[in-house]
Amino acid sequence: MDFEEEPEVIIKVNQLFKIFGNDPKRGVEHLRAGRTKQEIFEKTSLIVGLDDVSFEVMKGETFVLMGLSGCGKSTLLRSLNRLIHPTAGEIIIGGRDIVGMNDDEIREFRRDNIGMVFQNFALLPHRSILDNVAFGLEIQGMPLAERHEKSRAALELVGLSGYETSMPDQLSGGMKQRVGLARALAGDAEILLMDEAFSALDPLIRRDMQDELIDLQERLNKTVIFVTHDLDEALKIGNRIALMMDGKIIQVGTAEEILMNPENEYVERFVADVDMTKVLTAKDIMMKADPVIYCKSGPHHAARLMKEFGISSLFVVSQHRILRGIVMLEDVVEAVKHDKKTLEETTIQDIPFVQLDTPISEIIPVIADSRYPLPVLDEDARLKGMIMRSSVLLALARKEPETNDS
Amino acid sequence: MIPKLPIGDLVADLVDWIEFNLGWLLDIITAGFKTVLNGFADILMIIPPLIFIPILAILVYLVSHRNLRLALLSIAGLLLIWNLQLWDLSMMTLALVIASTFIALLIGVPLGILASGNDTFDAVIRVLLDFMQTMPPFVYLIPAVIFFSLGNVPGMIATVIFAMPPAIRLTNLGIRQIPTELIEVADAFGATPRQKLLKVQLPGALPTIMTGVNQCIMLALSMAVIASMIGAAGLGYQVLVGIQRVNIAMGFEAGLAIVILAIILDRVTQSVVR
Ligand SMILES: Nc1ncnc2c1ncn2[C@@H]1O[C@H](COP(=O)(O)OP(=O)(O)O)[C@@H](O)[C@H]1O
Ligand SMILES: [Mg+2]
């Protein structure tokens, strides 16, 4: 995802409340008066679904709603397309207020702007795969040929070409959810709502689907709101995560922000068993790789830089910081003695490196085997930073669950 | 001694009043039922048996997902009916059954749809249906005769009312059984109530509705036979005459034809469901 440009807010939720039960407005009063969900239920038998929820989602972002079962994730997600009608508050999507829309307006809004993927796939059993994918387009009133064409394209996107005429009960769970995904994508909606979309799948297939979603996101750049109760899933696919409890959002932030600075004990306990080596990646723990030396420079220059910065190695780069290799202090001293003009012979090429998004778990074995600092490269082999053995240890030491009172 | 209560007289007065004030409505209903019945009867009776039987066999074969045994069974049964010289009477009974079922579905399925979407209406109609189903079929003949006198139309009226409950119940049940997630799909993609009904609810409820159609047809057949007592034509009348004259041969043959029709109708509608 590219956040260099000004991010555009596409969904803005403002002080949203949802109370289930008769005369729900009084529930809002109770909440404003500071009573808890439990107290309100005992006193009035009203159920608090959402309690003063506010947040923003940026265009193109994968925003995860996470929390224990019953904390209000589905209620919040379903409020966004008004399958659930909020009791109070504002939802502004693409500049339009959703809460105040009448039935016709909300239907039209759903048709054009929002795709939804369901936990149990929710394919229509009497329809072929192609007609399932075409469902939303059919509702829009698109002619048959056109909607079939679009649906074929959507099926191809999720890797299910060739299954057009199959029936839903002939497909495995993972395939069914791909169809569900294709159905949500076929209409070209800007926003995708996914409620525990992968929770019903086997762990391995689930991981595949997560990868697939990340992959699709890189190509399509939809705005995805993804509900899950699984922290690992949230950390893996979310650009930002909102942690919920008792209908409230406790903390919003990137995976790192939530892991490194849990807002309170609840969040802390939630993230306590996370395997940090899988969550943190090279870009989270790398240091600046400065200075570097240009490959056409000579050994004298290298020696001076090393002396000045007190370091024993230097990365060698060409234009645009494309990594060429590394030079070590001993070799540079040798080269100076022999009065070499370039670093060409001195440079050690083909050193191990990692990518920006390589997780620590994969960095550890690489760095353990290497005698050099580990360069971190982007897709174009440009040097972005470096990792020393000490930086790995430091990162892991920074966040250890201090207390384990479970 | 308490004097005899004048219930009978009161009802007679009420009927008089209805006939006087709502006679036009009864006439419309009569005309409508006659039209439907004659439509089906004409089609069934005009086609000669030797053409009708193979056509029907092919139809049975196709709708029963290529059940050859069922098709052959139908041919044998219908040939037997023809041989017993009960063809016209059988077609009359069949016309009564089909016409009554048609009307029962025409009213029952929409009522079922209504009940599936409205809990109050559902509760009301449920009580009514429970009450109706506790009554013996015989009882349905009385109001039919009162308002429509004797003949095919009152027979059909009784048949329609008697056969309708499963159509209502199973349509209602079928729609309510659809998983909420599927309803949410329709809503989430912006379907109108009508689109939701036609594209999600009715197709999803179809297997259950077809079970209702099967029950509806079987009830219609049994009532169409009983309705011979108020002058409905067909095999039932033949059985009735056979009983009255203690003509065992006549009664038995007509009874056999009814059984054959029942088996064919039941098997065919059941295999459509599957
Ligand atoms: N239709 C409803 N009627 C009453 N209470 C509801 C309804 N839907 C959800 N709730 C309650 O609202 C709370 C949040 O539910 P939900 O959003 O489904 O949680 P989650 O998706 O996080 O598991 C729960 O306490 C649940 O019991
Ligand atoms: Mg949920």
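The values are calculated or read from the model by the stated rules, or taken from the named source; none is laboratory data. Since we're looking at a predicted model, the values are computed, not measured. A quick note on method: Cβ atoms are made from the backbone with ideal geometry, for glycine too, and the neighbour counts reach across all protein chains shown. Accessible surface areas use protein heavy atoms only, side chains included; no ligands, DNA or RNA. Shrake-Rupley method; radii C 1.70, N 1.55, O 1.52, S 1.80 Å.
Ordering B:Tyr237, B:Tyr61 by accessible area with a probe of 1.4 Å, largest first, what comes out?
B:Tyr237, B:Tyr61
With a 1.4 Å probe and every protein chain left in place, work out the accessible area per residue of segment B:88-273 in Å², rounded to a whole number.
42
About the Cα centre of segment A:9-274, what is the dipole size in debye to 20, counting +1 per Lys and Arg Cβ and -1 per Asp and Glu Cβ, all else neutral? Walk me through the numbers on the way to the answer.
Details: 31 positive and 42 negative charges, 114 e Å.
So the dipole magnitude of segment A:9-274 works out to roughly 540 debye.
Just by accessible area at a 1.4 angstrom probe, what is the order of A:Lys248, B:Lys4, B:Lys199, A:Lys296 from largest to smallest?
Ranking A:Lys248, B:Lys4, B:Lys199, A:Lys296 by accessible area, largest first, yields B:Lys4, A:Lys296, A:Lys248, B:Lys199.
With +1 on each Lys and Arg Cβ and -1 on each Asp and Glu Cβ, and nothing else charged, work out how big the dipole of segment A:262-377 is about its Cα centre, in Debye to the nearest 20.
680
Amide H of A:Gln251: which non-local residues (sequence gap of 5 or more, or other chain) have their own amide H closer than 5 Å, using H built in the peptide plane?
Excluding prolines and chain starts, which carry no amide H, the hits are A:Leu243.
For chains B and A, what's the summed buried accessible area, probe 1.4 Å, to the nearest 100 square angstrom? Intermediate results must be reported in sequence, preceding the final value.
Working: alone 15260 and 20690 Å², together 34190 Å².
Summing both chains' loss of accessible area gives about 1800 Å².
So for the protein assembly as shown, taking the charge dipole from beta-carbon charges (+1 Lys/Arg, -1 Asp/Glu), which of A:Asn132, A:Leu396, A:Leu157 sits furthest toward the positive end?
Most positive-ward Cα: A:Asn132.
Going through the DSSP H helices of chain B, which span 27 Å or more along their own axis at the Cα atoms while scoring at least 1.6 as a mean Kyte-Doolittle hydropathy?
Membrane-span-like by this rule: B:87-117, B:248-273.
Projected onto the charge dipole of segment A:231-323 (+1 at Lys/Arg Cβ, -1 at Asp/Glu Cβ, origin at the Cα centre), which of A:Met244, A:Ile311, A:Ala255 gives the Cα projection farthest towards the positive end?
Ranked along the dipole, the leading option is A:Ile311.
Rounded to the nearest 500 deg cm²/dmol, what is the calculated helix-only ellipticity per residue at 222 nm for chain A, with -39500 (n - 2.57) per DSSP H run of length n ≥ 4? All intermediate terms of the calculation are to be shown ahead of the outcome.
On the way: 18 runs with 160 residues, N = 406.
Result for chain A: -11000 deg cm²/dmol, rounded to the nearest 500.
Pairs A:Lys18/B:Lys199; A:Lys12/A:Lys37; A:Lys222/A:Lys278: which exceed 28 Å Cα-Cα?
Going by Cα-Cα distance, A:Lys18/B:Lys199 fall outside the 28 Å limit.
Which whole-number percentage describes the relative contact order of chain B, with Cα contacts under 8 Å and a sequence gap of 6 or more?
Values: 319 pairs, mean separation 64.0, N = 274.
After rounding, I find 23 percent.
With a 1.4 Å probe and every protein chain left in place, tell me how much accessible area A:Phe41 has, in Å² to the nearest 10.
100
Keeping all protein chains in place and using 1.4 angstrom, which order do B:Phe40, A:Phe315, A:Phe121 fall into by accessible surface area, from largest down?
Per-residue accessible area, sorted high to low, gives B:Phe40, A:Phe121, A:Phe315.
Treating only the Cβ of Lys, Arg, Asp and Glu as charged (+1, +1, -1, -1), what charge dipole size does the protein assembly as shown show about its Cα centre? Round to the nearest 20 debye.
That gives the protein assembly as shown a dipole magnitude of about 1480 debye.
Once the whole set of protein chains is in place, how much accessible area is left on B:Trp82, using a 1.4 Å probe, in Å² to the nearest 10?
Approximately 110 Å² of B:Trp82 is accessible to the 1.4 Å probe.
Rounded to the nearest whole Å², what accessible area per residue is found for segment A:207-359 with the 1.4 Å probe? Please list the in-between numbers first.
Working: 7930 Å² over 153 residues.
Accessible surface, normalised per residue, equals 52 Å².
Given H placed on each backbone N at 1.01 Å, which residues far from A:Ile322 in sequence or on other chains put an amide H within less than 5 Å of it?
Distant-sequence amide H within range of A:Ile322: A:Leu383.
Roughly what percent of Cα-Cα pairs across segment B:37-103 reach past 18 Å?
Tail of the P(r) past 18 Å holds 41 percent of the pairs.
Quick check: from the Cα gyration tensor, does chain B come out rounded (a/c under 1.5), prolate or oblate?
The shape class here is oblate.
Let me cross-check B:Thr211: its accessible surface, 1.4 Å probe, with only protein heavy atoms counted, in Å² to the nearest 10?
Here the accessible area works out near 60 Å².
Which percent, nearest 5, of DSSP beta bridges in segment A:9-274 are antiparallel?
Values: 20 of 38 bridges.
Expressed as a percentage, antiparallel bridges in segment A:9-274 total about 55.
Taking the Cβ of A:Glu263 as the centre, find all other residues whose Cβ is under 13 Å away and add up their charges (Lys, Arg: +1; Asp, Glu: -1).
-1
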